[in-house]
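Trainee: After the structure tokens below, expect a handful of questions from me.
The values are calculated or read from the model by the stated rules, or taken from the named source; none is laboratory data. Computed from a predicted structure; not experimentally measured. Counting neighbours? That spans all protein chains shown, and the Cβs are built from the backbone with ideal geometry, glycine included. With ligands, DNA and RNA removed, areas are computed over all heavy atoms of the protein, side chains included. Shrake-Rupley method; radii C 1.70, N 1.55, O 1.52, S 1.80 Å.
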Amino acid sequence: NKGLKLETGFKLSGVKTDNNLQAQKQVGGKFVNDSTLTNRFVYDEKIDAGYVNLTRNFKNTSVQAGVRAEYTSSMGDLITSKEVVSRHYLNFFPSVFINHTINDKNEIGLNYSRRIDRPGYDDLNPFVYYLDQYTYQKGNPFLNPQYTNNFELNYTYNHTINLSIGYSRTTDVITQILETDPVSKATFQTNLNLQTQNSYNININSPFTINSWWSGNANVNGFYLGFKSDTLLGAKLNDGRYAYQLRLTNTFQIAKTYKFELMGDYQSALTYGIFNIKPQYAIDAGISHSFANKRANIKLAMNDIFNMRRNNVTSYYQQNNLDIRQKNDSRITRLTFTYNFGSTKLKMHHHESGDDDLKGRVKGNN
């Protein structure tokens, strides 16, 4: 009826991957199969899902409540080692969203949701990929999905300034781990399930206008990440840290059809699982020009113009002392041209297909 809306739907999805890795070594002038590296892994997964959702609108308040049910059936066949990992499980994911308009300039919202994040297909694949003799990575076919309960309180002032406070608790956290092989002395990367991750966060986002030619947006995010596991690599893990992220975007109207953008971001040191990640920061910039009655736009932009972004990580856990320093090609320049055809008054709508969540589990699409 006018104040109550009912939605329902279902989705059926299936994925099957067949990965066959063949490795050979030279013996007596001929290449022969290396049984220690050759591997075949077949993964078959089916998900049947359905949901029901109710929305009720009152004078100044809207309430949306629903539940999604998912039945998952999966089988990982490690053909080479003759192991089979078979799982069948049913999950329910409730959600509640309450929004209340206090007056013309003040709104408040309270949200709760439960979600599932399944491992990426590559993370389940047990193949070993060597970087060198002492460094390699491999998947873990015994990974479980992780589950998150999320609570969030939102406040909006004048439809522009947003404040949110949240808490989430994740169980069976899928976390990247570095281990050492005591026989070969090699270090390898894999993924394991930790028991819990607790996250507290507060976020403030505000646009600003200095004058007619200078505007921008400021975002401040403070959070705490804490990890616990009773049996990680034969020891107890109980570690966490407070951290924050800052991002400032400035837009300068330097002429009628020219804009200059300057963006800076900073992330403080943080702890994630067994890793201590050092601060990261960068400055981006770009200039754009619109013409042809604002239908055409050309933009020249550069990420990390001072080439400062680095990934420096340390880990000291269970007699493994790791100091990782990485510098990728973060200073990238792009020249883009766009032209809008048709009516400029029509609103474009982004379409999300039903397999977006499946694509996200393929690393090549991330």
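Trainee: What number of residues within segment 198-228 satisfy the criterion of being over 18 Å from residue 163 (Cβ atoms) and in contact (Cβ under 8 Å) with a residue 40 or more places away in the chain?
Mentor: 5
Trainee: Moving on to the next point. What single numbered condition from (1) surrounded by 17 or more Cβ atoms within 10 Å (Cβ to Cβ); (2) more than 20 Å from the chain's Cα centre (by Cα); (3) not aliphatic (A, V, I, L, M) fails to hold for residue 314?
Mentor: Condition (1) is where residue 314 drops out.
Trainee: If you go through segment 9-19, how many residues are open to solvent by 100 Å² or more (accessible area, probe 1.4 Å) and either of a type in the set (A, V, I, L, M) or more than 23 Å from residue 359 (Cα to Cα) (or both)?
Mentor: So the answer is 1.
Trainee: Quick check on this structure: which one of 25, 59 is without any contact (Cβ under 8 Å) to a residue 60 or more places away in the chain, part of a strand (DSSP E or B) and open to solvent by 80 Å² or more (accessible area, probe 1.4 Å)?
Mentor: None of the others qualify; the one that does is 25.
Trainee: Taking segment 252-270 only, how many residues are buried (at least 18 other Cβ atoms within 10 Å of the Cβ) and touching a residue at least 40 places away in the same chain (Cβ under 8 Å)?
Mentor: Summing the residues that are buried (at least 18 other Cβ atoms within 10 Å of the Cβ) and touching a residue at least 40 places away in the same chain (Cβ under 8 Å) in segment 252-270 gives 1.
Trainee: Here's a follow-up. Within segment 271-284, how many residues are at pLDDT 95 or above, closer than 22 Å to residue 321 by Cα and either outside any strand (DSSP E or B) or open to solvent by 70 Å² or more (accessible area, probe 1.4 Å) (or both)?
Mentor: Matching residues across segment 271-284 total 2.
Trainee: Any residue in segment 158-172 that is farther than 17 Å from residue 117 by Cβ and without any contact (Cβ under 8 Å) to a residue 60 or more places away in the chain sitting within a Cβ distance under 6 Å of a residue that is of a type in the set (Val, Ile, Thr) and in a strand (DSSP E or B)? List the pairs, counting only those 6 or more apart or interchain.
Mentor: These pairs meet every condition: 162/156; 163/204; 165/202.
Trainee: Can you find, within segment 285-309, the residue that is nearest to residue 330 (Cα to Cα) among those that are in contact with an Asp or Glu (Cβ under 8 Å, 6 or more places away or on another chain) and in a strand (DSSP E or B)?
Mentor: This residue is 303.
Trainee: I'd like to check something: does segment 66-88 contain any residue that is within 30 Å of residue 164 (Cβ to Cβ), surrounded by fewer than 13 Cβ atoms within 10 Å (Cβ to Cβ), among the hydrophobic types (A, V, I, L, M, F, W, C) and at pLDDT 95 or above?
Mentor: Looking for residues that are within 30 Å of residue 164 (Cβ to Cβ), surrounded by fewer than 13 Cβ atoms within 10 Å (Cβ to Cβ), among the hydrophobic types (A, V, I, L, M, F, W, C) and at pLDDT 95 or above, one finds none in segment 66-88, hence no.
Trainee: Let me ask another. Hey, among the residues in segment 192-220 that are open to solvent by less than 30 Å² (accessible area, probe 1.4 Å) and closer than 19 Å to residue 169 by Cα, which one's modelled with the lowest pLDDT?
Mentor: Checking each candidate, the answer is 194.
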